[in-house]
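Since the structure comes first, as structure tokens, the remarks are kept for the end.
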Amino acid sequence: MKKNLFTLLALMTSACLAFAEASFDFSFAIPKGWTATVAPRGFEDRGAQFTDNTILTLSGVGNVTTVTVVCSANEADANSIEVFVGETSIGLKVLPKENGQTLTFTSEAELEGDLKIVITRTKKSVWIKSVTVGGSYDPGDIPEEDPTEGLDHEYVYSEPTKVISTGEEGSKITYSFICNNVKVIANLGTKTDTYFGANAGTTLTFVTTRNMKAIVVDGFVRKAFTATASSGTIAYKSSSSVDLEEEEVLAVTDIDANVLTLYCDKQLRCNEVRIYFDENPDINIHPEEELNYSYYWEPEEAVTMDIVFDRLEYQDMTENMGYACSSFLFYNDTYEMNLVIFASATDESTILPSGSYPINDTYAENTVQASPGGDEYYDYPSCVFTDFETDGEGTERYNPYYIVSGMLVITPVEGGATFTINAVTYNGSVISATYVHVVNAADNAIVPTEAIVSMRNGIILLRSNGATYSITGNRL
């Protein structure tokens, strides 16, 4: 289940509900009681991501002697955190390039006043995972939140009420919108003009002014998808043993609540959600028998492929995917591989450095997207194509292998960079592939490559000794 937005670790028996220590979790949202001068860009395993100078403030603290911050930074000695209690600074620390670092700020005197975490960001990102306050904390002044705020309590729900994506679009974000008097809240998800959803390991919440009876999701789930509901019983309308993109992929019955939260271990995409109420006709929702349907068009026999590529192309996929990412296309005379790599969009220079890029479905920075599969119309990256084959209906098409896990490693070499891919496909095929890219400037000079970089518009570049080259080796 979703973690609490804050946990109070040591309860003290006092009239003001003071606590000896209070710990606040920033993994999914800004915790209750806190304010931020700039909203996070998103949330992930490292916590709330900040790409601008930000001040986090918590009122109601006293007797403070320590403040512990768990944070991350992906640039060394470029960002800092300073902690104030009232007007008193209890320390400023410059951040190394490290994930999950623990910073402890101490004061010899007990302090009281607003607690402020001042984030000074000059390059790339800073993440706040948690803040623990050693002292007392009185949450009594925090107003109770009304989850139905913005909804019409006189609204009559239709049979059933349909919820589709409305409002602003965005990816890797926290969002909230109202459709047909249903409030939808994602602590981290993707939203386009055609669908909305929750990313892997996050939650999706539905709020109404009447108790819900059941919901049915038309959309997309990944293979082995599971969900946990805050109320009711989970029912899968279709097999979850493979990735599915068809009607009625998920249902929840016996809800009897006006707030329903779904925790999704993998990505859930909703093209439409139908919500049933007591006023609606009875519905019959229960899991169907296992289906033979498979979203994958991949040869059943698992194989091992050792591939050396000799050509590389790329295309900007930012607009299509809603993320800062590019599609790398590797070729030789027999094979073609398409990898979608997600990069940080927090600055305009070195945001795709040499290093390791895991293949998964988190959409996180510096990862390769695992393929959701393919059908008779389209093969989704990341995948490998071999020669043509003819299916049982006489249709000729490529043999695709859909990559679902593994690692891409980018290593600088003299005059260029080496791409090494070790991956596993949906049917268990094993792929080992390499490609060596050499920068040839206009004067044919071979120079050491410092790093591979990506601009915000998705153009992949190579930098060498102060000069910049396109991926095809042309000096810019």
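Computed quantities for the displayed model
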read-out	value
Local net charge near residue 63, Cβ-Cβ under 10 Å (Lys/Arg +1, Asp/Glu -1)	-2
Highest-first arrangement of 267-278, 363-374, where packing means the average Cβ count within 10 Å	363-374, 267-278
Mean Cβ count within 10 Å, highest first, over the residues of peptides 226-235, 211-220	211-220, 226-235
The stretch 44-149: GluC sites (Glu not before Pro) falling in loop per DSSP and having at most 15 other Cβ within 10 Å	87, 144, 145, 149
Spin-label model distance (nm) - residue 434 vs residue 210, 7 Å beyond Cα toward Cβ	6.6
Listed residue pairs exceeding 27 Å between alpha carbons, taken from 123/183; 97/191; 93/124; 183/266; 93/266	123/183; 97/191; 93/266
Order of 127, 34 - criterion: other Cβ atoms within 10 Å of each residue's Cβ, fewest first	34, 127
Residue-span extension gain [residue 57 to residue 77] - 0.36 nm each, minus C-alpha spacing	4.8 nm
Fully extended contour minus Cα-Cα distance, from residue 37 to residue 302, at 0.36 nm per residue	90.1 nm
Net +/- balance of residues flanking residue 329 in space, Cβ distance below 11 Å, scoring K and R +1, D and E -1	-1
Relative contact order, percent, the stretch 14-105 [alpha-carbon distance under 8 Å, six or more residues apart]	21
Karplus-derived HN-Hα couplings along the stretch 359-369 (A = 6.51, B = -1.76, C = 1.60, θ = phi - 60°), whole Hz, x at Gly and Pro	9, 7, 10, 8, 6, 6, 4, 6, 10, 9, 6
Residue-wise HN-Hα coupling along the stretch 96-110, computed from phi with Karplus coefficients 6.51, -1.76, 1.60 (Hz; x: Gly, Pro)	x, 7, 7, 8, x, 6, 10, 10, 10, 10, 10, 9, 5, 9, 6
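A short reminder: the numbers here are calculations on the coordinates, not readings from a lab. All of these numbers come straight from a predicted model, not from anything done at the bench. When we count neighbours, we look across all protein chains shown, and the Cβ atoms used for this are built from the backbone with ideal geometry, even at glycine.
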